[in-house]
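Here is the structure we will look at.
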Amino acid sequence: MEQTFVMIKPDGVQRGLVGEIICRFEKKGFTLKGLKLQSVERAFAEKHYADLSSKPFFNGLVEYIISGPVVAMVWEGKNVVTTGRKIIGATNPSDSAPGTIRGDFAVEIGRNVIHGSDAVESARKEIALWFPEGVAEWQSSLH
Ligand code: CMP
């Protein structure tokens, strides 16, 4: 069964959006397989966003991610990578549709509340990075 990595960023945690975001993934029918509140070291944030290291916003992005605790999650279900990104909405909140998480709760691309893996292969890498201990074994009967 497909899995994806989702991170509620420091602004989402500070604004009290954790429950709302979990609710949206649960109500869709996805299964929570991993969950932790974590403060991120600079080197770890740089590793997570290594593909963006040449971007002009990279340093600001890393500062943002280490500015407070994040909630790291693994969600499982049919097409969860693609469908999860639909629930999350477009990267730039100016483009994300109302009804999506970013469309409902964000205005700034540099404070866009949440991250979701963009492909099955990046999900695999991100889950391995954030959950080296592994994730829960249970299967939802909804699958
Ligand atoms: P995320 O889904 O975590 O993937 C990469 C992140 O880089 C993105 O969400 C934004 O937080 C950030 N990002 C992308 N483009 C820009 C930009 N132009 N300015 C600032 N941050 C950006």
Any chance Ala136 is crowded, with 21+ Cβ neighbours inside 10 Å, of a type in the set (A, V, I, L, M), more than 14 Å from the chain's Cα centre (by Cα) and more than 21 Å from Glu46 (Cα to Cα): no
Residues being open to solvent by 30 Å² or more (accessible area, probe 1.4 Å) and within 14 Å of the ligand (Cβ to nearest atom) - total across segment 88-106: 6
Residue list for segment 1-57, restricted to those being more than 14 Å from His115 (Cα to Cα) and of a type in the set (Lys, Arg): Arg15, Arg24, Lys27, Lys28, Lys33, Lys36, Arg42, Lys47, Lys55
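Considering only residues that are touching a Gly at 6+ places or on another chain (Cβ under 8 Å) and of a type outside the set (A, V, I, L, M, F, W, C), look in segment 58-69 and name the one that is most open to solvent (accessible area, probe 1.4 Å).
The first filter runs over segment 58-69 and keeps only residues touching a Gly at 6+ places or on another chain (Cβ under 8 Å), leaving 60-61, 64.
Narrowing the set further to residues that are of a type outside the set (A, V, I, L, M, F, W, C) leaves 60, 64.
On the way: Gly60: 46, Tyr64: 8 Å².
Top of the filtered list is Gly60.
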Answer from Lys55, Lys27 - the residue that is open to solvent by 40 Å² or more (accessible area, probe 1.4 Å) and part of a loop (DSSP other than H, G, I, E, B): Lys55
Filtered residues of segment 67-87 (kept if within 13 Å of the ligand (Cβ to nearest atom) and closer than 21 Å to Ala128 by Cβ): Val70, Ala72, Val81, Gly84, Arg85
Condition met for Lys33 (within 19 Å of Gln139 (Cα to Cα) and either surrounded by 14 or more Cβ atoms within 10 Å (Cβ to Cβ) or in contact (Cβ under 8 Å) with a residue 24 or more places away in the chain (or both)): yes
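Do you know which residues across segment 107-116 are open to solvent by 100 Å² or more (accessible area, probe 1.4 Å) and within 12 Å of the ligand (Cβ to nearest atom)?
From segment 107-116, those open to solvent by 100 Å² or more (accessible area, probe 1.4 Å) are 107-108, 111; that's our starting set.
Across segment 107-116, the qualifying residues are Glu108, Arg111.
For segment 117-126, indicate whether the set of residues that are away from the ligand (no atom under 11 Å from the Cβ), open to solvent by 20 Å² or more (accessible area, probe 1.4 Å) and closer than 15 Å to Met7 by Cβ is non-empty.
Checking segment 117-126: at least one residue is away from the ligand (no atom under 11 Å from the Cβ), open to solvent by 20 Å² or more (accessible area, probe 1.4 Å) and closer than 15 Å to Met7 by Cβ.
The values are calculated or read from the model by the stated rules, or taken from the named source; none is laboratory data. Note that the structure is predicted; figures quoted are calculated from it, not measured. With ideal geometry, Cβ positions are generated from the backbone for all residues, glycine too; neighbour counts draw on all protein chains shown. Accessible surface areas use protein heavy atoms only, side chains included; no ligands, DNA or RNA. Shrake-Rupley method; radii C 1.70, N 1.55, O 1.52, S 1.80 Å.
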